[in-house]
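Below: the structure, in structure tokens.
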Amino acid sequence: MTFDPTEIVRVLDAHGVRYVLIGGFAATVHGAAYVTTDLDITPDPAPANLERLSDALTDLDARVRSPDEPAGLPFAHDARSLAGAGAWDLVTRAGDLDVSFVPSGTQGYADLRRDAVTITVHGTDVTVASLADVVRSKEAAGRDKDRAALPVLRRLLDEQA
């Protein structure tokens, strides 16, 4: 499967999904030489938005990512079931998509949206978490891969200031 982040954001946009792009791809948008093979988002948790997200996931042929099943596991979803989990690790026809409602170190969508920036990707507006929020989340997550990325991200943050 080829990772096509442009297709993922295009489908999310076509369905009117409100979200903030977070994680490694957000770091890349801010200038980090960060290699990532998935897209991470925090959606607006409003039920109507989650229904649109559910429709977009159907359009993307989303399946639950599983180490035992490279193509993922099928799952039925709607706004309520999506909201019932803190996070979803998915595989789609356009690559991996991780949905996190309250990323580490944040209070979720409204918190991340406050300082987010908007960029245009092939004609699609994408709301991206601020670099400070990406750093805050990676610090709080404390995973090895996040700790490895933090020196570069902090340096970029200092350069922005």
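The values are calculated or read from the model by the stated rules, or taken from the named source; none is laboratory data. Predicted, not measured: the structure shown is a model, and the values here were computed from it. All Cβ positions, even for glycine, are placed from backbone atoms using ideal geometry, and neighbour counts span all protein chains on display.
Within the range 1-19, residues that are over 19 Å from Ala129 (Cα atoms) and touching a residue at least 24 places away in the same chain (Cβ under 8 Å) reach partners that are part of a loop (DSSP other than H, G, I, E, B) and among the hydroxyl-bearing types (Ser, Thr, Tyr) with beta carbons closer than 8 Å, at six or more positions or on different chains, in the pairs Phe3/Thr37.
In the range 9-30 there is no residue that is surrounded by fewer than 21 Cβ atoms within 10 Å (Cβ to Cβ) and aromatic (Phe, Trp, Tyr). Regarding Asp96, is this residue assigned to a strand (DSSP E or B), among the charged types (D, E, K, R) and touching a Ser or Thr at 6+ places or on another chain (Cβ under 6 Å)? Answer is no for this residue. Inside the range 1-53, residues that are among the aliphatic types (A, V, I, L, M) and either farther than 25 Å from Leu150 by Cβ or assigned to a helix (DSSP H, G or I) (or both) make up a count of 14. Tallying residues that are of a type in the set (S, T, N, Q) and out of contact with any strand residue (DSSP E or B) (no Cβ under 8 Å at 6 or more places or on another chain) within the range 122-161 yields 2. Kindly evaluate Thr120 against the criterion of being at pLDDT below 95, within 21 Å of Asp55 (Cα to Cα), surrounded by fewer than 19 Cβ atoms within 10 Å (Cβ to Cβ) and not basic (Lys, Arg). Considered against the rule, which asks whether it is at pLDDT below 95, within 21 Å of Asp55 (Cα to Cα), surrounded by fewer than 19 Cβ atoms within 10 Å (Cβ to Cβ) and not basic (Lys, Arg), Thr120 comes out as no.
Does Asp133 count as in a helix (DSSP H, G or I), acidic (Asp, Glu), at pLDDT 95 or above and touching a Leu at 6+ places or on another chain (Cβ under 7 Å)? Here the answer is yes, as Asp133 does meet what is asked. Is the range 94-109 home to any residue that is within 20 Å of Leu21 (Cβ to Cβ) and without any contact (Cβ under 8 Å) to a residue 24 or more places away in the chain? Yes: one or more hits.
Candidates Arg136, Arg63: the one that is under 22 Å from Pro5 (Cα atoms) and free of Cβ contacts under 8 Å to residues at least 60 places away in the same chain is Arg63. Within the range 1-37, if we keep just the residues that are out of contact with any strand residue (DSSP E or B) (no Cβ under 9 Å at 6 or more places or on another chain), of a type outside the set (Gly, Ala, Ser) and within 15 Å of Arg154 (Cα to Cα), the residue that is modelled with the highest pLDDT turns out to be Thr28. Please enumerate the residues belonging to the range 139-155 that are in contact (Cβ under 8 Å) with a residue 12 or more places away in the chain, out of contact with any helix residue (DSSP H, G or I) (no Cβ under 8 Å at 6 or more places or on another chain) and either among the charged types (D, E, K, R) or exposed (fewer than 14 other Cβ atoms within 10 Å of the Cβ) (or both). Scanning the range 139-155 gives Ala140, Gly142.
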